[in-house]
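See below for the structure under consideration.
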């Protein structure tokens, strides 16, 4: 990509920005509703006092689960070719590997129950791999 192409102002797709904001708010509301509904899919439970609000919260969650994560994947797939073109193949793959390693490190921390000895060794390996990938 030449300097002239980089200097061009990019046309933002504001409706996709608005969709992304809507989906992020929906995810926050979805996870907040999990703590108060009857569906036991959240580690923190705070049961409601009445019997009807958990039913409505569960319906809200069931409707959300039908589309919100797939909408995120649709948005990611829409922007992937432009990102690949802008960054180049090598840098794009390096960033994907870094994100994948950080996500796997987060999952590893959660499933190990924050045992510091295992996590310290795991992070040392992860960051060594990230340093090698960036070279």
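The values are calculated or read from the model by the stated rules, or taken from the named source; none is laboratory data. All values derive from a computational prediction rather than experimental measurement. Methodologically, a virtual Cβ is constructed for each residue, glycine included, from the backbone with ideal geometry; neighbour enumeration extends over all protein chains shown.
Which of the helices (runs of 4 or more DSSP H) contained wholly in segment 44-114 include at least 2 residues that are in contact (Cβ under 8 Å) with a residue 40 or more places away in the chain, under 18 Å from the mean Cα position of the chain (by Cα) and in the same structural domain as residue 20 (by TED's automatic domain parsing)? Outline the logic, then answer.
On the way: elements: 53-65, 68-87, 89-111.
Once the helices (runs of 4 or more DSSP H) in segment 44-114 are filtered for at least 2 residues that are in contact (Cβ under 8 Å) with a residue 40 or more places away in the chain, under 18 Å from the mean Cα position of the chain (by Cα) and in the same structural domain as residue 20 (by TED's automatic domain parsing), what remains is 68-87.
Please work out if residue 15 is in a helix (DSSP H, G or I), surrounded by fewer than 13 Cβ atoms within 10 Å (Cβ to Cβ) and either touching a strand residue (DSSP E or B) at 6+ places or on another chain (Cβ under 6 Å) or in contact (Cβ under 8 Å) with a residue 40 or more places away in the chain (or both). Here the answer is no, as residue 15 does not meet what is asked.
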